[in-house]
Amino acid sequence: MVGMIRLVTDSLGAIGGAAMIYSCCAILLSLTVGWPKFKDFSRTYLVTGAVMFAAYEVCFALAIGLADTPRQAIEVGIVN
């Protein structure tokens with residue numbers, strides 16, 4: 001995962017690369033698994049989970065994308 005994020009963010013930038021990776025993943029997930037039934041989940045659970053997951057993934061992708069060297073990117077992956 002670290003290597004893929006690093007390759008994509010080198011060519012598209014840290015924010016653009018992260019946005020492209022997670023947009024493609026969301027599309028593939030919805031095509032293969034389908035849409036969940038959101039009415040089965042509590043609103044608090046959905047909002048809290050979505051915010052926490054999005055914040056984690058954006059911070060992780062930005063940390064890898066903003067690493068100056070490949071060694072720093074690997075260190076970010078190890079800490080993760």
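Which pairs turn up if I take residues in the range 1-23 that are hydroxyl-bearing (Ser, Thr, Tyr) and look for partners that are assigned to a helix (DSSP H, G or I) with beta carbon separation below 6 Å, at least 6 apart in sequence or on another chain?
9/17; 9/65
Could you grab me the full set of residues in the range 19-70 that are among the acidic types (Asp, Glu) and in contact with a helix residue (DSSP H, G or I) (Cβ under 8 Å, 6 or more places away or on another chain)?
We begin by selecting, within the range 19-70, every residue among the acidic types (Asp, Glu); these are 40, 57, 68.
Once the filter is applied, which keeps residues that are among the acidic types (Asp, Glu) and in contact with a helix residue (DSSP H, G or I) (Cβ under 8 Å, 6 or more places away or on another chain), the range 19-70 yields only 57.
Any chance you could count how many residues in the range 33-60 are over 22 Å from residue 5 (Cα atoms) and assigned to a helix (DSSP H, G or I)? Can you show your working first?
Taking the range 33-60 as the starting set, the residues that turn out to be over 22 Å from residue 5 (Cα atoms) are 33-49.
Then keep just the ones that are assigned to a helix (DSSP H, G or I); that gives 38-40, 43-49.
Counting residues in the range 33-60 that are over 22 Å from residue 5 (Cα atoms) and assigned to a helix (DSSP H, G or I) gives 10.
With 26, 63 as the choices, which residue is in a helix (DSSP H, G or I) and surrounded by 11 or more Cβ atoms within 10 Å (Cβ to Cβ)? Explain how you work it out, then say what you get.
Working: 26 fails: surrounded by 11 or more Cβ atoms within 10 Å (Cβ to Cβ).
It is 63.
Every number in this text was worked out from the coordinates using simple rules, so none of it is lab data. Note that the structure is predicted; figures quoted are calculated from it, not measured. Heads up, the Cβs are rebuilt from the backbone with ideal geometry, glycines too, and the neighbour counts pull from every protein chain shown.
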